[in-house]
Amino acid sequence: MSKDRLTRLAMELLLLGVSKAGVERLLGSNDVDEVERQLAYLPYRKARRPEAFIIEAVRRGYSAPPLFYAKNQTHTPGIKRPVDQDTQPAA
């Protein structure tokens, strides 16, 4: 794992309000990929205290919020694509 990646994650956590000791513990005892994933999910959550929430989310491995999946959805229901042209709606 690169030092630049750890530094970037540490800065993001510090900007959220996580203490320096909290950042060291979080990055030292958890999977860095999980920390990065939870930071990506955070804008889609309604966290009142993001600094505390991110710690719990990483430790407990929270799944992605529904809004994260909705943002990344590529198929809009009701719109027919070329593959769907010859299909008939279910009766």
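Counting only helices (runs of 4 or more DSSP H) that sit wholly inside the chain, those with at least 2 residues that are in contact with a helix residue (DSSP H, G or I) (Cβ under 6 Å, 6 or more places away or on another chain) and modelled with pLDDT under 95 are 66-71. S2 satisfies every condition listed in (1) under 13 Å from the mean Cα position of the chain (by Cα); (2) farther than 20 Å from L67 by Cβ except (1).
Please find, within segment 50-65, the residue that is nearest to S2 (Cα to Cα) out of those that are of a type outside the set (G, A, S) and in contact (Cβ under 8 Å) with a residue 12 or more places away in the chain. Before you say what the answer is, go through the steps one by one.
Keep residues of segment 50-65 that are of a type outside the set (G, A, S), which gives 50-51, 53-56, 58-60, 62, 65.
Retained after the next criterion (residues that are in contact (Cβ under 8 Å) with a residue 12 or more places away in the chain): 50-51, 54-55, 58-59, 62, 65.
Numbers: P50: 25, E51: 24, I54: 22, I55: 22, V58: 20, R59: 22, Y62: 25, P65: 28 Å.
Here the answer is V58.
Beta carbons closer than 6 Å, at least 6 apart along the sequence or on distinct chains, pair a first residue in segment 3-28 that is acidic (D, E) with a second that is part of a helix (DSSP H, G or I) for E12/L39.
Across segment 5-40, the number of residues qualifying as of a type in the set (K, R) and over 28 Å from L67 (Cα atoms) comes to 2.
The values are calculated or read from the model by the stated rules, or taken from the named source; none is laboratory data. Nothing here was measured: the structure is a model prediction, and the numbers come from that model. Quick reminder, even Gly has a Cβ in these numbers, built from the backbone with ideal geometry, and neighbours come from all protein chains shown.
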